[in-house]
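**Q** Input: one structure, supplied below.
The values are calculated or read from the model by the stated rules, or taken from the named source; none is laboratory data. Since this is a predicted model, take the numbers as computed values, not measurements. With ideal geometry, Cβ positions are generated from the backbone for all residues, glycine too; neighbour counts draw on all protein chains shown. Side chains included, ligands, DNA and RNA excluded: accessible areas come from the protein's heavy atoms. Shrake-Rupley method; radii C 1.70, N 1.55, O 1.52, S 1.80 Å.
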Amino acid sequence: MRILIVGAGGVGSAAARIAVRRSFFDALVLADYDPARPEALVAELGDERLTAAQVDASSAESVADLIREHDITHVLNAVDPRFVLPIFDGCYAAGATYLDMAMSLSTRHPQRPFELPGVKLGDEQFARADAWERKGQLALVGIGVEPGLSDVFARYAEDELFAEIDELGVRDGANLVVAGYDFAPSFSIWTTIEECLNPPVIYEEDRGWYTTEPFSEPEVFDFPEGIGPVECVNVEHEEVLLMPRWTKAKRVTFKYGLGDEFIEVLKVLNKLGLDRTDKVSVKGVEVSPRDVVAAILPDPATLGDKMSGKTCAGVWVTGTGKDGRPRSTYLYHVADNEQTMAEYGSQAVVWQTAFNPVIALELLASGAWAGTGVLGPEAFPAQPFLELLAAPAPDGYGSPWGIREQ
(Lines give C-alpha, C1' and ligand atoms only; values in the text may rest on other atoms or scores of the structure.)
Protein backbone atom coordinates (compact mmCIF):
# COMPACT_ATOMS: atom_id res chain seq x y z
CA MET A 1 0.00 0.00 0.00
CA ARG A 2 1.27 3.44 -0.98
CA ILE A 3 -0.54 6.26 0.85
CA LEU A 4 -0.93 9.94 0.12
CA ILE A 5 -2.12 12.23 2.94
CA VAL A 6 -3.36 15.55 1.56
CA GLY A 7 -2.93 18.18 4.28
CA ALA A 8 -0.18 18.52 6.88
CA GLY A 9 -2.24 20.39 9.47
CA GLY A 10 -3.32 19.01 12.83
CA VAL A 11 -5.21 15.92 11.63
CA GLY A 12 -2.89 15.07 8.73
CA SER A 13 0.17 15.36 10.96
CA ALA A 14 -1.47 13.24 13.67
CA ALA A 15 -2.37 10.57 11.09
CA ALA A 16 1.26 10.44 9.95
CA ARG A 17 2.50 10.13 13.55
CA ILE A 18 0.09 7.26 14.14
CA ALA A 19 0.80 5.50 10.84
CA VAL A 20 4.59 5.37 11.20
CA ARG A 21 4.18 2.99 14.14
CA ARG A 22 2.50 0.45 11.85
CA SER A 23 3.96 -1.84 9.21
CA PHE A 24 1.01 -2.28 6.83
CA PHE A 25 2.15 0.28 4.20
CA ASP A 26 5.21 0.62 1.97
CA ALA A 27 5.28 4.37 1.40
CA LEU A 28 3.53 7.49 2.70
CA VAL A 29 3.61 10.85 0.92
CA LEU A 30 2.59 13.81 3.07
CA ALA A 31 1.54 16.76 0.90
CA ASP A 32 0.43 20.32 1.55
CA TYR A 33 0.07 23.58 -0.38
CA ASP A 34 2.90 24.90 1.83
CA PRO A 35 5.73 22.38 1.26
CA ALA A 36 7.54 23.50 4.44
CA ARG A 37 4.90 21.87 6.63
CA PRO A 38 5.26 18.27 5.38
CA GLU A 39 9.03 18.69 5.04
CA ALA A 40 9.30 19.60 8.74
CA LEU A 41 7.14 16.64 9.79
CA VAL A 42 9.02 14.15 7.61
CA ALA A 43 12.29 15.39 9.13
CA GLU A 44 10.83 15.11 12.63
CA LEU A 45 9.54 11.54 12.19
CA GLY A 46 12.65 10.21 10.46
CA ASP A 47 10.92 7.25 8.78
CA GLU A 48 12.41 6.22 5.44
CA ARG A 49 8.95 5.35 4.11
CA LEU A 50 7.90 9.04 4.32
CA THR A 51 8.21 11.68 1.58
CA ALA A 52 7.13 15.33 1.57
CA ALA A 53 5.42 16.92 -1.43
CA GLN A 54 3.54 20.01 -2.58
CA VAL A 55 -0.05 19.84 -3.82
CA ASP A 56 -2.88 22.20 -4.68
CA ALA A 57 -5.91 20.56 -3.02
CA SER A 58 -8.28 22.81 -4.99
CA SER A 59 -7.13 21.21 -8.26
CA ALA A 60 -8.19 17.68 -9.21
CA GLU A 61 -5.44 17.69 -11.82
CA SER A 62 -2.77 18.55 -9.23
CA VAL A 63 -3.98 15.74 -6.98
CA ALA A 64 -4.12 13.22 -9.85
CA ASP A 65 -0.63 14.18 -11.04
CA LEU A 66 0.82 13.62 -7.56
CA ILE A 67 -0.94 10.25 -7.27
CA ARG A 68 0.56 9.12 -10.57
CA GLU A 69 4.02 10.50 -9.78
CA HIS A 70 4.30 8.42 -6.60
CA ASP A 71 2.24 5.37 -7.68
CA ILE A 72 -0.22 6.07 -4.86
CA THR A 73 -2.86 3.41 -4.12
CA HIS A 74 -4.78 5.12 -1.28
CA VAL A 75 -5.43 8.80 -0.55
CA LEU A 76 -6.48 10.28 2.79
CA ASN A 77 -8.09 13.71 2.54
CA ALA A 78 -7.05 15.67 5.66
CA VAL A 79 -8.02 19.21 4.64
CA ASP A 80 -11.14 21.36 4.99
CA PRO A 81 -14.31 19.92 3.39
CA ARG A 82 -14.35 22.67 0.74
CA PHE A 83 -11.58 20.63 -0.96
CA VAL A 84 -13.46 17.31 -0.89
CA LEU A 85 -14.58 17.28 -4.52
CA PRO A 86 -11.25 18.18 -6.20
CA ILE A 87 -9.43 15.48 -4.18
CA PHE A 88 -12.29 13.00 -4.70
CA ASP A 89 -12.27 13.64 -8.47
CA GLY A 90 -8.46 13.54 -8.63
CA CYS A 91 -8.48 10.10 -7.00
CA TYR A 92 -11.11 8.85 -9.44
CA ALA A 93 -9.11 10.09 -12.43
CA ALA A 94 -5.88 8.50 -11.18
CA GLY A 95 -7.45 5.22 -10.00
CA ALA A 96 -6.69 5.55 -6.28
CA THR A 97 -8.85 4.54 -3.31
CA TYR A 98 -10.19 7.64 -1.56
CA LEU A 99 -10.83 8.25 2.17
CA ASP A 100 -12.11 11.37 3.89
CA MET A 101 -13.19 12.49 7.36
CA ALA A 102 -15.77 15.05 6.20
CA MET A 103 -17.96 14.93 3.11
CA SER A 104 -18.91 17.32 0.31
CA LEU A 105 -20.63 20.45 1.56
CA SER A 106 -24.34 21.12 1.82
CA THR A 107 -26.43 23.96 0.41
CA ARG A 108 -29.49 25.03 2.35
CA HIS A 109 -32.97 24.90 0.85
CA PRO A 110 -33.63 28.27 -0.84
CA GLN A 111 -37.17 28.74 0.46
CA ARG A 112 -37.56 26.55 3.58
CA PRO A 113 -34.06 26.07 5.03
CA PHE A 114 -35.25 25.11 8.53
CA GLU A 115 -37.74 22.51 7.33
CA LEU A 116 -36.30 20.88 4.22
CA PRO A 117 -32.75 19.97 3.22
CA GLY A 118 -31.36 21.40 0.01
CA VAL A 119 -28.17 19.73 -1.20
CA LYS A 120 -27.21 17.46 1.69
CA LEU A 121 -23.75 16.65 3.00
CA GLY A 122 -22.23 14.04 0.69
CA ASP A 123 -24.90 14.34 -2.03
CA GLU A 124 -22.35 15.35 -4.65
CA GLN A 125 -20.20 12.33 -3.79
CA PHE A 126 -23.09 9.87 -3.75
CA ALA A 127 -24.18 11.23 -7.14
CA ARG A 128 -20.94 9.75 -8.50
CA ALA A 129 -21.30 6.39 -6.70
CA ASP A 130 -22.37 4.39 -9.78
CA ALA A 131 -19.33 5.55 -11.72
CA TRP A 132 -16.98 4.54 -8.89
CA GLU A 133 -18.70 1.14 -8.63
CA ARG A 134 -18.57 0.49 -12.38
CA LYS A 135 -14.85 1.27 -12.30
CA GLY A 136 -14.32 -1.11 -9.36
CA GLN A 137 -12.96 1.74 -7.26
CA LEU A 138 -13.65 2.57 -3.60
CA ALA A 139 -14.36 5.90 -1.92
CA LEU A 140 -14.66 5.40 1.84
CA VAL A 141 -16.32 8.57 3.11
CA GLY A 142 -16.74 9.89 6.65
CA ILE A 143 -14.06 7.81 8.38
CA GLY A 144 -12.80 10.23 11.05
CA VAL A 145 -14.16 10.03 14.59
CA GLU A 146 -17.47 11.80 13.98
CA PRO A 147 -18.30 10.79 11.35
CA GLY A 148 -16.32 7.56 11.41
CA LEU A 149 -15.93 5.76 14.71
CA SER A 150 -19.48 6.69 15.68
CA ASP A 151 -20.68 5.03 12.46
CA VAL A 152 -18.68 1.89 13.28
CA PHE A 153 -20.39 1.86 16.68
CA ALA A 154 -23.78 2.10 14.94
CA ARG A 155 -22.93 -0.91 12.77
CA TYR A 156 -21.79 -2.87 15.84
CA ALA A 157 -24.93 -1.97 17.80
CA GLU A 158 -27.23 -3.18 15.02
CA ASP A 159 -25.27 -6.38 14.40
CA GLU A 160 -24.42 -7.42 17.96
CA LEU A 161 -26.57 -5.63 20.55
CA PHE A 162 -30.00 -4.68 19.21
CA ALA A 163 -32.84 -6.53 17.48
CA GLU A 164 -34.49 -3.20 16.62
CA ILE A 165 -33.16 0.35 16.89
CA ASP A 166 -35.48 3.26 17.64
CA GLU A 167 -32.77 5.93 17.59
CA LEU A 168 -29.08 6.30 16.86
CA GLY A 169 -28.20 9.50 18.72
CA VAL A 170 -24.61 10.64 18.18
CA ARG A 171 -23.48 12.60 21.25
CA ASP A 172 -20.16 14.45 21.37
CA GLY A 173 -18.88 16.35 24.41
CA ALA A 174 -15.71 17.40 26.23
CA ASN A 175 -14.32 19.19 29.26
CA LEU A 176 -11.26 20.54 27.43
CA VAL A 177 -9.76 23.83 28.58
CA VAL A 178 -7.16 25.88 26.68
CA ALA A 179 -5.02 27.95 29.05
CA GLY A 180 -4.09 31.50 28.08
CA TYR A 181 -6.85 32.14 25.54
CA ASP A 182 -10.29 33.71 25.90
CA PHE A 183 -11.44 31.83 22.80
CA ALA A 184 -9.46 29.04 21.13
CA PRO A 185 -11.36 26.25 19.31
CA SER A 186 -9.71 22.84 19.52
CA PHE A 187 -10.69 21.97 15.93
CA SER A 188 -10.76 23.80 12.58
CA ILE A 189 -12.90 26.92 13.03
CA TRP A 190 -13.63 26.91 9.28
CA THR A 191 -15.25 23.46 9.58
CA THR A 192 -16.89 24.26 12.92
CA ILE A 193 -18.61 27.36 11.50
CA GLU A 194 -19.83 25.30 8.53
CA GLU A 195 -21.29 22.58 10.76
CA CYS A 196 -22.80 24.75 13.46
CA LEU A 197 -24.43 27.55 11.48
CA ASN A 198 -25.98 25.36 8.79
CA PRO A 199 -29.47 23.94 9.45
CA PRO A 200 -29.08 20.65 11.38
CA VAL A 201 -30.44 17.55 9.68
CA ILE A 202 -32.54 14.88 11.42
CA TYR A 203 -33.64 11.54 9.96
CA GLU A 204 -36.92 9.78 10.74
CA GLU A 205 -38.07 6.57 9.09
CA ASP A 206 -41.52 7.87 8.13
CA ARG A 207 -40.40 11.38 7.22
CA GLY A 208 -36.94 10.99 5.71
CA TRP A 209 -34.40 13.78 6.19
CA TYR A 210 -35.57 17.18 7.43
CA THR A 211 -33.93 20.26 8.96
CA THR A 212 -34.33 22.44 12.06
CA GLU A 213 -32.97 25.73 13.39
CA PRO A 214 -29.28 25.78 14.41
CA PHE A 215 -28.66 24.85 18.08
CA SER A 216 -32.16 23.36 18.42
CA GLU A 217 -33.47 20.77 20.92
CA PRO A 218 -30.93 21.32 23.74
CA GLU A 219 -30.47 18.43 26.16
CA VAL A 220 -28.01 17.67 28.96
CA PHE A 221 -26.05 14.46 28.36
CA ASP A 222 -23.84 12.91 31.06
CA PHE A 223 -20.56 11.91 29.42
CA PRO A 224 -18.38 9.14 30.92
CA GLU A 225 -14.89 9.03 32.44
CA GLY A 226 -15.19 12.20 34.47
CA ILE A 227 -16.37 14.58 31.73
CA GLY A 228 -19.84 14.77 33.25
CA PRO A 229 -23.02 16.62 32.19
CA VAL A 230 -22.75 18.79 29.05
CA GLU A 231 -25.57 20.59 27.23
CA CYS A 232 -25.75 19.31 23.65
CA VAL A 233 -27.62 20.81 20.67
CA ASN A 234 -28.50 19.73 17.15
CA VAL A 235 -25.69 20.34 14.64
CA GLU A 236 -25.42 19.44 10.95
CA HIS A 237 -23.23 16.33 10.65
CA GLU A 238 -22.52 13.50 8.26
CA GLU A 239 -23.65 10.63 10.51
CA VAL A 240 -27.28 11.62 10.02
CA LEU A 241 -26.75 11.31 6.24
CA LEU A 242 -24.76 8.07 6.44
CA MET A 243 -26.38 5.87 9.07
CA PRO A 244 -29.83 5.63 7.44
CA ARG A 245 -28.23 4.31 4.24
CA TRP A 246 -26.84 1.17 5.89
CA THR A 247 -28.77 0.67 9.14
CA LYS A 248 -32.44 0.16 9.96
CA ALA A 249 -32.61 2.84 12.67
CA LYS A 250 -35.97 4.59 12.87
CA ARG A 251 -34.39 7.93 13.86
CA VAL A 252 -30.88 9.40 13.64
CA THR A 253 -29.66 12.59 15.32
CA PHE A 254 -26.38 14.38 16.01
CA LYS A 255 -25.91 16.62 19.05
CA TYR A 256 -22.74 18.43 20.01
CA GLY A 257 -21.72 19.88 23.37
CA LEU A 258 -20.75 23.42 22.36
CA GLY A 259 -21.38 25.50 25.48
CA ASP A 260 -23.12 28.87 25.79
CA GLU A 261 -20.00 30.96 25.09
CA PHE A 262 -19.11 29.07 21.91
CA ILE A 263 -22.68 29.32 20.61
CA GLU A 264 -22.76 33.05 21.32
CA VAL A 265 -19.47 33.60 19.43
CA LEU A 266 -20.84 31.70 16.43
CA LYS A 267 -24.04 33.74 16.49
CA VAL A 268 -22.05 36.99 16.54
CA LEU A 269 -19.87 35.84 13.63
CA ASN A 270 -23.05 35.07 11.72
CA LYS A 271 -24.64 38.44 12.52
CA LEU A 272 -21.51 40.29 11.36
CA GLY A 273 -21.19 38.21 8.18
CA LEU A 274 -17.83 36.86 9.29
CA ASP A 275 -18.99 33.30 8.59
CA ARG A 276 -19.22 34.04 4.85
CA THR A 277 -16.96 32.18 2.43
CA ASP A 278 -17.46 34.42 -0.60
CA LYS A 279 -14.72 37.02 -0.96
CA VAL A 280 -15.11 40.71 -0.19
CA SER A 281 -12.84 43.57 -1.19
CA VAL A 282 -10.83 45.13 1.66
CA LYS A 283 -8.74 48.07 0.49
CA GLY A 284 -8.34 46.42 -2.89
CA VAL A 285 -7.57 42.94 -1.52
CA GLU A 286 -10.06 40.10 -2.06
CA VAL A 287 -10.51 38.07 1.14
CA SER A 288 -12.99 35.54 2.53
CA PRO A 289 -14.31 36.67 5.95
CA ARG A 290 -14.26 33.09 7.26
CA ASP A 291 -10.65 32.68 6.16
CA VAL A 292 -9.79 35.84 8.10
CA VAL A 293 -11.42 34.44 11.25
CA ALA A 294 -9.44 31.20 10.82
CA ALA A 295 -6.20 33.14 10.28
CA ILE A 296 -6.47 35.26 13.43
CA LEU A 297 -7.39 32.38 15.76
CA PRO A 298 -4.63 30.03 17.00
CA ASP A 299 -3.94 26.92 14.93
CA PRO A 300 -5.63 24.01 16.81
CA ALA A 301 -2.59 21.83 16.08
CA THR A 302 -0.42 24.13 18.24
CA LEU A 303 -2.66 24.14 21.32
CA GLY A 304 -1.91 20.68 22.73
CA ASP A 305 0.56 21.77 25.39
CA LYS A 306 -1.93 24.41 26.61
CA MET A 307 -4.94 22.06 26.72
CA SER A 308 -6.20 19.87 29.52
CA GLY A 309 -9.15 17.53 29.81
CA LYS A 310 -10.87 14.86 27.75
CA THR A 311 -13.09 14.61 24.69
CA CYS A 312 -15.72 11.92 24.10
CA ALA A 313 -17.38 10.68 20.92
CA GLY A 314 -20.12 8.09 20.87
CA VAL A 315 -23.59 6.88 19.95
CA TRP A 316 -26.56 6.60 22.29
CA VAL A 317 -28.63 3.70 20.97
CA THR A 318 -32.18 3.02 22.12
CA GLY A 319 -34.49 0.22 21.07
CA THR A 320 -35.01 -3.49 21.68
CA GLY A 321 -32.08 -5.68 22.67
CA LYS A 322 -31.33 -9.11 21.29
CA ASP A 323 -33.20 -10.57 24.30
CA GLY A 324 -36.42 -8.77 23.30
CA ARG A 325 -36.26 -6.28 26.19
CA PRO A 326 -35.96 -2.47 25.97
CA ARG A 327 -32.36 -1.33 25.88
CA SER A 328 -30.57 2.04 26.10
CA THR A 329 -26.80 1.90 25.53
CA TYR A 330 -24.02 4.44 24.94
CA LEU A 331 -21.04 3.20 22.92
CA TYR A 332 -18.13 5.62 23.22
CA HIS A 333 -14.45 6.45 22.95
CA VAL A 334 -12.61 8.96 25.15
CA ALA A 335 -9.32 10.70 24.37
CA ASP A 336 -7.34 12.28 27.20
CA ASN A 337 -5.23 15.25 26.03
CA GLU A 338 -2.46 14.55 28.52
CA GLN A 339 -2.12 11.01 27.19
CA THR A 340 -2.27 11.84 23.47
CA MET A 341 0.27 14.64 23.87
CA ALA A 342 2.65 12.44 25.86
CA GLU A 343 2.42 9.48 23.48
CA TYR A 344 1.94 11.11 20.05
CA GLY A 345 2.63 14.83 20.42
CA SER A 346 -0.89 15.54 19.11
CA GLN A 347 -3.76 17.19 20.99
CA ALA A 348 -6.74 15.01 21.82
CA VAL A 349 -9.29 16.26 19.28
CA VAL A 350 -7.08 15.96 16.20
CA TRP A 351 -5.60 12.65 17.43
CA GLN A 352 -9.05 11.14 18.03
CA THR A 353 -10.04 12.16 14.50
CA ALA A 354 -6.83 10.88 12.88
CA PHE A 355 -6.42 7.34 14.19
CA ASN A 356 -9.68 6.07 12.65
CA PRO A 357 -8.71 6.49 8.97
CA VAL A 358 -5.33 4.90 9.75
CA ILE A 359 -7.12 1.85 11.19
CA ALA A 360 -9.36 1.79 8.10
CA LEU A 361 -6.31 1.87 5.83
CA GLU A 362 -4.82 -1.06 7.72
CA LEU A 363 -8.07 -3.04 7.35
CA LEU A 364 -8.12 -2.27 3.61
CA ALA A 365 -4.50 -3.41 3.35
CA SER A 366 -5.28 -6.72 5.06
CA GLY A 367 -8.49 -7.32 3.09
CA ALA A 368 -10.64 -7.31 6.23
CA TRP A 369 -12.49 -4.38 4.65
CA ALA A 370 -13.20 -4.32 0.91
CA GLY A 371 -15.75 -2.78 -1.41
CA THR A 372 -16.45 -0.62 -4.44
CA GLY A 373 -18.47 2.54 -4.95
CA VAL A 374 -19.01 5.36 -2.45
CA LEU A 375 -19.44 3.72 0.96
CA GLY A 376 -19.67 4.87 4.58
CA PRO A 377 -18.13 3.04 7.56
CA GLU A 378 -21.50 1.36 8.25
CA ALA A 379 -21.08 -0.65 5.04
CA PHE A 380 -18.20 -2.65 6.58
CA PRO A 381 -18.07 -5.14 9.48
CA ALA A 382 -17.46 -3.36 12.79
CA GLN A 383 -15.79 -6.17 14.72
CA PRO A 384 -12.38 -6.09 12.94
CA PHE A 385 -12.17 -2.31 13.39
CA LEU A 386 -13.04 -2.34 17.09
CA GLU A 387 -10.71 -5.26 17.79
CA LEU A 388 -7.79 -3.49 16.10
CA LEU A 389 -8.63 -0.24 17.92
CA ALA A 390 -8.60 -1.77 21.40
CA ALA A 391 -5.91 -4.47 21.09
CA PRO A 392 -2.68 -3.57 22.90
CA ALA A 393 0.28 -2.53 20.74
CA PRO A 394 1.99 -3.84 18.71
CA ASP A 395 -0.96 -5.99 17.58
CA GLY A 396 -3.45 -3.11 17.78
CA TYR A 397 -3.71 0.59 18.58
CA GLY A 398 -4.10 0.22 22.35
CA SER A 399 -7.08 2.59 22.66
CA PRO A 400 -10.02 0.87 24.39
CA TRP A 401 -13.62 1.88 23.75
CA GLY A 402 -16.52 1.56 26.15
CA ILE A 403 -20.16 0.54 26.53
CA ARG A 404 -22.40 2.09 29.18
CA GLU A 405 -25.95 0.96 29.82
CA GLN A 406 -28.08 4.07 30.35
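**Q** May I ask you to list the residues in the stretch 100-150 that are β-branched (Val, Ile, Thr) and closer than 11 Å to residue 377 by Cα?
**A** Result: 141, 143, 145.
**Q** On to the next question. Please work out if residue 119 is touching a residue at least 60 places away in the same chain (Cβ under 8 Å), open to solvent by 10 Å² or more (accessible area, probe 1.4 Å), among the β-branched types (Val, Ile, Thr) and on the phi < 0 side of the Ramachandran plot.
**A** no
**Q** Okay, next question. Which of the residues that make up the stretch 116-142 are of a type outside the set (Gly, Ala, Ser) and out of contact with any strand residue (DSSP E or B) (no Cβ under 6 Å at 6 or more places or on another chain)?
**A** Once the filter is applied, which keeps residues that are of a type outside the set (Gly, Ala, Ser) and out of contact with any strand residue (DSSP E or B) (no Cβ under 6 Å at 6 or more places or on another chain), the stretch 116-142 yields 116, 120, 121, 123, 124, 128, 130, 134, 135, 137.
**Q** Scan the stretch 139-162 and give yes if some residue there is open to solvent by 10 Å² or more (accessible area, probe 1.4 Å) and part of a strand (DSSP E or B), otherwise no.
**A** No; the residues of the stretch 139-162 include none that is open to solvent by 10 Å² or more (accessible area, probe 1.4 Å) and part of a strand (DSSP E or B).
**Q** Could I ask something else about it? Would you pick out the residues in the stretch 37-82 that are more than 25 Å from the chain's Cα centre (by Cα) and either in a helix (DSSP H, G or I) or buried (at least 20 other Cβ atoms within 10 Å of the Cβ) (or both)?
**A** 43, 44, 65, 68, 69
**Q** Now, a different point. Restricting attention to the stretch 353-364, report how many residues are open to solvent by 10 Å² or more (accessible area, probe 1.4 Å), closer than 15 Å to residue 23 by Cα and touching a strand residue (DSSP E or B) at 6+ places or on another chain (Cβ under 8 Å).
**A** Of the residues in that region, 1 qualify.
**Q** Another question, then. Of all residues in the stretch 83-114, how many are more than 19 Å from residue 134 (Cβ to Cβ), assigned to a loop (DSSP other than H, G, I, E, B) and out of contact with any strand residue (DSSP E or B) (no Cβ under 6 Å at 6 or more places or on another chain)?
**A** The qualifying residues number 10.
One line per residue, one yes/no per condition, for (1) part of a helix (DSSP H, G or I); (2) open to solvent by less than 10 Å² (accessible area, probe 1.4 Å); (3) of a type outside the set (Gly, Ala, Ser):
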| site | (1), (2), (3) |
| --- | --- |
| 166 | no, no, yes |
| 169 | no, yes, no |
| 173 | no, yes, no |
| 180 | no, no, no |
| 183 | no, no, yes |
| 186 | no, no, no |
| 195 | yes, no, yes |
| 203 | no, no, yes |
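**Q** Tally up the residues in the stretch 324-352 that are surrounded by fewer than 20 Cβ atoms within 10 Å (Cβ to Cβ), touching a residue at least 60 places away in the same chain (Cβ under 8 Å) and in a loop (DSSP other than H, G, I, E, B), please.
**A** Going through the stretch 324-352 one residue at a time, the tally reaches 2.
**Q** Does any residue in the stretch 378-400 that is in contact (Cβ under 8 Å) with a residue 12 or more places away in the chain and outside any helix (DSSP H, G or I) come within less than 8 Å, Cβ to Cβ, of a residue that is open to solvent by less than 40 Å² (accessible area, probe 1.4 Å) and among the charged types (D, E, K, R) six or more places away or on a different chain, and which pairs are these?
**A** Short answer, once both residue conditions are applied: 380/155; 381/155.
**Q** Given (1) open to solvent by less than 50 Å² (accessible area, probe 1.4 Å); (2) part of a strand (DSSP E or B), where does residue 371 come up short, assuming only one miss?
**A** Tallying (1) open to solvent by less than 50 Å² (accessible area, probe 1.4 Å); (2) part of a strand (DSSP E or B), residue 371 fails exactly one: (2).
**Q** Separate question: Report, by residue number, each residue of the stretch 392-406 that is open to solvent by 60 Å² or more (accessible area, probe 1.4 Å) and among the small types (Gly, Ala, Ser).
**A** 393
**Q** Residue 214 fails exactly one of the following numbered conditions: (1) modelled with pLDDT under 95; (2) more than 20 Å from the chain's Cα centre (by Cα); (3) surrounded by 15 or more Cβ atoms within 10 Å (Cβ to Cβ). What is the number of that condition?
**A** Unmet for residue 214, out of (1) modelled with pLDDT under 95; (2) more than 20 Å from the chain's Cα centre (by Cα); (3) surrounded by 15 or more Cβ atoms within 10 Å (Cβ to Cβ): (2).
**Q** Based on this model, can you work out whether residue 253 counts as open to solvent by less than 60 Å² (accessible area, probe 1.4 Å), among the polar types (S, T, N, Q), over 18 Å from the mean Cα position of the chain (by Cα) and modelled with pLDDT of 95 or more?
**A** no
**Q** What single numbered condition from (1) small (Gly, Ala, Ser); (2) in contact with a Lys or Arg (Cβ under 8 Å, 6 or more places away or on another chain); (3) open to solvent by 20 Å² or more (accessible area, probe 1.4 Å) fails to hold for residue 321?
**A** Checking residue 321 against (1) small (Gly, Ala, Ser); (2) in contact with a Lys or Arg (Cβ under 8 Å, 6 or more places away or on another chain); (3) open to solvent by 20 Å² or more (accessible area, probe 1.4 Å), the one that fails is (3).
**Q** While we're looking at this one, here's another question. Just one of 292, 235, 268, 240 is of a type in the set (A, V, I, L, M), open to solvent by 20 Å² or more (accessible area, probe 1.4 Å) and either farther than 27 Å from residue 120 by Cα or in contact with a strand residue (DSSP E or B) (Cβ under 9 Å, 6 or more places away or on another chain) (or both); which is it?
**A** Residue meeting the stated conditions: 292.
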